[in-house]
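Peer 1: Encoded as structure tokens, here's the structure I'll be asking about.
The values are calculated or read from the model by the stated rules, or taken from the named source; none is laboratory data. Everything quoted here is computed from the prediction, not taken from an experiment. Cβ sites come from the backbone with ideal geometry, for glycine too, and all protein chains shown count toward neighbours.
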Amino acid sequence: MNKATLNITDHDAVRLILLDRPDALNALNAQMTDDLTDAFREADADERIKVVLLTGAGKAFWAGADLKEMGTRTARPKHTFADLMHTLIDFSKPLLIAVNGVGVGIGATICGLADAVYMSDGARLRCPFSTLGLTAEACSTVTFSALMGHQRASWFLLSSEWMSATDCVEAGLALDVIPADELMTVVMTKAQHLASLPLASLQTTKRLMRDPIRTQLIDAMTRENAGLASLVGGPANLEALDAFKARRQPDFSGL
């Protein structure tokens with residue numbers, strides 16, 4: 001099964017969703033937002049599928065928002081980023097993530113919404129929001145503190161610094177570090193183990209874990225999206241985008 005920005009394959013009861021824009025480091029554009037929202041909704045409704053495994057094609061896992069597209073879109077996509085977030089918050093089946101390379105922005109914050117995250121030994125994550133004149137997203141203002149503790153989550157979200165795979169495991173953002181050449185074999189085995197178990201049990205346990213914080217996640221996502229909307233196109237964001245296009249460091253002095 002193929003969508004414009006994804007390559008989707010079924011491995012018995014495991015659905016593998018491969019982010020498939022390797023030339024753009026799998027950056028999230030409007031088409032991928034549409035495709036991912038549809039893909040997760042279809043996987044949730046498909047009774048044959050028990051587990052979803054998400055990973056990236058090429059050397060990157062997910063390089064965040066497509067900065068080349070930011071501020072240039074004219075046509076309204078079928079699904080918004082908020083639609084994608086609602087879909088992930090309400091996704092009823094286990095979601096495993098195999099971080100095969102760099103994860104930036106949503107490529108890092110998505111880990112807070114997964115049920116288990118595995119990283120290759122060469123992978124690393126970064127939340128570059130401050131350097132883009134923006135703010136955190138994907139419920140990370142709630143999930144990161146819950147997983148890592150307030151101070152470490154604050155530093156990761158505020159500083160725009162990289163975290164190695166080992167850092168992520170020590171912080172509680174990922175479950176294990178796996179050699180790059182073994183990553184997909186190991187994580188697929190983990191996914192198939194879950195898929196050998198009764199779906200009703202998997203869904204009930206996930207629901208019991210998610211329901212107490214669902215409202216908190218939705219509230220966080222709503223506030224984050226409002227914060228992003230207030231900053232997009234602002235002086236810091238415009239300077240960051242100009243610097244990106246000119247391949248220079250942004251200058252936020254005076255802002």
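Peer 1: Which of the numbered conditions does Asn7 fail, given that it passes all the others? Conditions: (1) over 30 Å from Gly172 (Cβ atoms); (2) in a strand (DSSP E or B); (3) within 15 Å of the chain's Cα centre (by Cα).
Peer 2: Result: Asn7 fails condition (3) only.
Peer 1: Among the candidates Leu18, Leu53, which residue alone is surrounded by 15 or more Cβ atoms within 10 Å (Cβ to Cβ), out of contact with any helix residue (DSSP H, G or I) (no Cβ under 9 Å at 6 or more places or on another chain) and over 26 Å from Gly133 (Cα atoms)?
Peer 2: Only one candidate passes the filter, namely Leu18.
Peer 1: One residue is enough: does segment 171-185 have a residue meeting the conditions crowded, with 16+ Cβ neighbours inside 10 Å, without any contact (Cβ under 8 Å) to a residue 60 or more places away in the chain and assigned to a helix (DSSP H, G or I)?
Peer 2: Looking through segment 171-185, at least one residue is crowded, with 16+ Cβ neighbours inside 10 Å, without any contact (Cβ under 8 Å) to a residue 60 or more places away in the chain and assigned to a helix (DSSP H, G or I).
Peer 1: Could you tell me whether any residue of segment 3-14 is modelled with pLDDT under 95 and among the acidic types (Asp, Glu)? Outline the logic, then answer.
Peer 2: At the first step, the residues of segment 3-14 found to be modelled with pLDDT under 95 are 3-4.
Now narrow it down to the ones that are among the acidic types (Asp, Glu): none.
For segment 3-14, residues modelled with pLDDT under 95 and among the acidic types (Asp, Glu): absent.
Peer 1: Give the number of residues within segment 31-49 that are over 15 Å from the mean Cα position of the chain (by Cα) and either among the β-branched types (Val, Ile, Thr) or surrounded by 15 or more Cβ atoms within 10 Å (Cβ to Cβ) (or both). I'd like the intermediate steps shown before the answer.
Peer 2: Going through segment 31-49, the residues over 15 Å from the mean Cα position of the chain (by Cα) turn out to be 31, 38, 41-49.
Restricting the remaining residues to those that are either among the β-branched types (Val, Ile, Thr) or surrounded by 15 or more Cβ atoms within 10 Å (Cβ to Cβ) (or both) gives 31, 38, 41, 43-44, 49.
Result for segment 31-49: 6.
Peer 1: Now, a different point. Please find, among Gly133, Gly149, Gly105, the residue that is within 20 Å of Ala60 (Cβ to Cβ) and not hydroxyl-bearing (Ser, Thr, Tyr). Talk me through it step by step, then tell me what you get.
Peer 2: Details: Gly133 fails: within 20 Å of Ala60 (Cβ to Cβ); Gly149 fails: within 20 Å of Ala60 (Cβ to Cβ).
It is Gly105.
Peer 1: Does segment 115-132 hold any residues that are within 26 Å of Gly233 (Cβ to Cβ), part of a loop (DSSP other than H, G, I, E, B) and not aromatic (Phe, Trp, Tyr), and which are they?
Peer 2: Here is the first cut: in segment 115-132, the ones within 26 Å of Gly233 (Cβ to Cβ) are 126-132.
After this cut, where a residue has to be part of a loop (DSSP other than H, G, I, E, B) as well, the list is 127-129.
Correct list: Cys127, Pro128.
Peer 1: Within segment 212-239, count every residue that is assigned to a helix (DSSP H, G or I) and within 17 Å of Met85 (Cβ to Cβ).
Peer 2: Looking only at that region, the number is 17.
Peer 1: Now for a different question. Identify, please: which residue in segment 240-255 is charged (D, E, K, R) and in a loop (DSSP other than H, G, I, E, B) and is, among those, surrounded by the fewest Cβ atoms within 10 Å (Cβ to Cβ)?
Peer 2: Arg247
Peer 1: I've got another one for you. Please give the number of the condition Asn237 fails out of (1) more than 30 Å from Gly133 (Cα to Cα); (2) surrounded by 17 or more Cβ atoms within 10 Å (Cβ to Cβ); (3) touching a residue at least 60 places away in the same chain (Cβ under 8 Å).
Peer 2: Asn237 satisfies all of (1) more than 30 Å from Gly133 (Cα to Cα); (2) surrounded by 17 or more Cβ atoms within 10 Å (Cβ to Cβ); (3) touching a residue at least 60 places away in the same chain (Cβ under 8 Å) except (1).
Peer 1: Looking at Leu217, Leu194, Leu208 in this structure, which one is out of contact with any strand residue (DSSP E or B) (no Cβ under 7 Å at 6 or more places or on another chain), of a type in the set (A, V, I, L, M) and surrounded by 14 or more Cβ atoms within 10 Å (Cβ to Cβ)? Steps first, answer last, please.
Peer 2: Details: Leu194 fails: out of contact with any strand residue (DSSP E or B) (no Cβ under 7 Å at 6 or more places or on another chain); Leu208 fails: surrounded by 14 or more Cβ atoms within 10 Å (Cβ to Cβ).
Of the residues listed, the single one that is out of contact with any strand residue (DSSP E or B) (no Cβ under 7 Å at 6 or more places or on another chain), of a type in the set (A, V, I, L, M) and surrounded by 14 or more Cβ atoms within 10 Å (Cβ to Cβ) is Leu217.
Peer 1: Go through segment 149-170 and give me each residue that's over 15 Å from Ala220 (Cβ atoms), assigned to a helix (DSSP H, G or I) and of a type in the set (A, V, I, L, M, F, W, C). Lay out the reasoning, then the answer.
Peer 2: The first filter runs over segment 149-170 and keeps only residues over 15 Å from Ala220 (Cβ atoms), leaving 149, 151-152, 155-156, 158-170.
Right, trim to assigned to a helix (DSSP H, G or I) and you get 151-152, 155-156, 158-159, 165-170.
If the condition is that a residue be over 15 Å from Ala220 (Cβ atoms), assigned to a helix (DSSP H, G or I) and of a type in the set (A, V, I, L, M, F, W, C), then Trp155, Phe156, Leu158, Ala165, Cys168, Val169 are the ones that fit.
Peer 1: Condition first: of a type in the set (Asp, Glu) and either in a loop (DSSP other than H, G, I, E, B) or free of Cβ contacts under 8 Å to residues at least 12 places away in the same chain (or both). Now tell me which residues in segment 77-106 satisfy that. Walk me through how you get there before you give the answer.
Peer 2: Restricting attention to segment 77-106, the residues satisfying the condition of being of a type in the set (Asp, Glu) are 83, 90.
Matches in segment 77-106: Asp90 only.
Peer 1: How many residues does segment 118-133 contain that are surrounded by fewer than 22 Cβ atoms within 10 Å (Cβ to Cβ) and more than 14 Å from the chain's Cα centre (by Cα)?
Peer 2: Selection size over segment 118-133: 5.
Peer 1: Could I ask something else about it? Looking at Thr135, Thr109, which one is touching a Phe, Trp or Tyr at 6+ places or on another chain (Cβ under 8 Å), among the β-branched types (Val, Ile, Thr) and in a loop (DSSP other than H, G, I, E, B)?
Peer 2: Matching residue, one of Thr135, Thr109: Thr135.
Peer 1: Something else: If Arg248 meets every condition in (1) under 20 Å from Ala108 (Cα atoms); (2) charged (D, E, K, R); (3) out of contact with any strand residue (DSSP E or B) (no Cβ under 7 Å at 6 or more places or on another chain) apart from one, which number is that one?
Peer 2: (1)
Peer 1: Just the residues that are among the hydroxyl-bearing types (Ser, Thr, Tyr) and over 21 Å from Asp181 (Cα atoms), please, taken from segment 85-130.
Peer 2: Our first condition is that a residue be among the hydroxyl-bearing types (Ser, Thr, Tyr); within segment 85-130, this holds for 87, 92, 109, 118, 120, 130.
Once the filter is applied, which keeps residues that are among the hydroxyl-bearing types (Ser, Thr, Tyr) and over 21 Å from Asp181 (Cα atoms), segment 85-130 yields Thr87, Ser92, Thr109, Ser130.
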